[in-house]
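What follows is one structure encoded as structure tokens, with my remarks underneath.
Every number here is computed from the coordinates shown, using simple stated rules; none is lab data. Because the structure is a prediction, the values reported are computed rather than measured. Cβ placement follows ideal geometry from the backbone for every residue including glycine, while neighbour counts extend to all protein chains displayed.
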Amino acid sequence: MSSKYYKYFTSVVFGLLFLAHGINKFQMGLPKVAGWFGSLGVPSTLGYIVAYLELLGGIALIIGIGTRYVAAGYEMDIAYLLVAIYLVFGGEPGYSVDSALTRGKTRRA
């Protein structure tokens, strides 16, 4: 599979995560989200902004519009996602409990 498919897959998965978080905030109710943000000591209006950014940003990532701009604010989340994808598709690391327990055993496809 070429790298463009992996890039698109990563963008779609990341977009779905954004979209799910945005939808969740709207289902909880934006005033409750704003109140929660306020209880953390940040301006409560940031709750409204984040909800809309996650919803619209998720849609943008899925369809491939403004990918770099949407993802730029979420570099740490991207790093976590990419590491998770690598661990899922890259196989076991050389030094791990999984590796020690399965050493010498054949894997089934």
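What the phi angles of region 17-33 give under the Karplus curve with 6.51, -1.76 and 1.60, with θ = phi - 60°, is a coupling list of 5, 4, 4, 4, 5, x, 4, 4, 5, 5, 5, 5, x, 4, x, 5, 5 Hz, glycine and proline written as x.
With θ taken as phi - 60° and the Karplus curve 6.51 cos²θ - 1.76 cosθ + 1.60 applied, the whole-hertz 3J(HN,Hα) list for region 38-49 is x, 5, 7, x, 9, x, 5, 5, 5, x, 5, 5 Hz, x standing for glycine and proline. Approximating the spin labels as points 7 Å out from Cα along Cα→Cβ, the Leu40-to-Tyr69 distance works out to 2.4 nm.
May I ask you to compute the full-extension gain from Val88 to Tyr6, defined as 0.36 nm times their residue separation minus their alpha-carbon distance, rounded to one decimal in nm? Write out the running numbers ahead of the final one.
Details: separation 82, 0.36 × 82 = 29.52 nm, distance 1.31 nm.
Fully extending the segment from Val88 to Tyr6 adds 28.2 nm.
Estimated at 0.36 nm per residue, the fully extended path between Leu30 and Thr102 surpasses their Cα-Cα distance by 21.1 nm.
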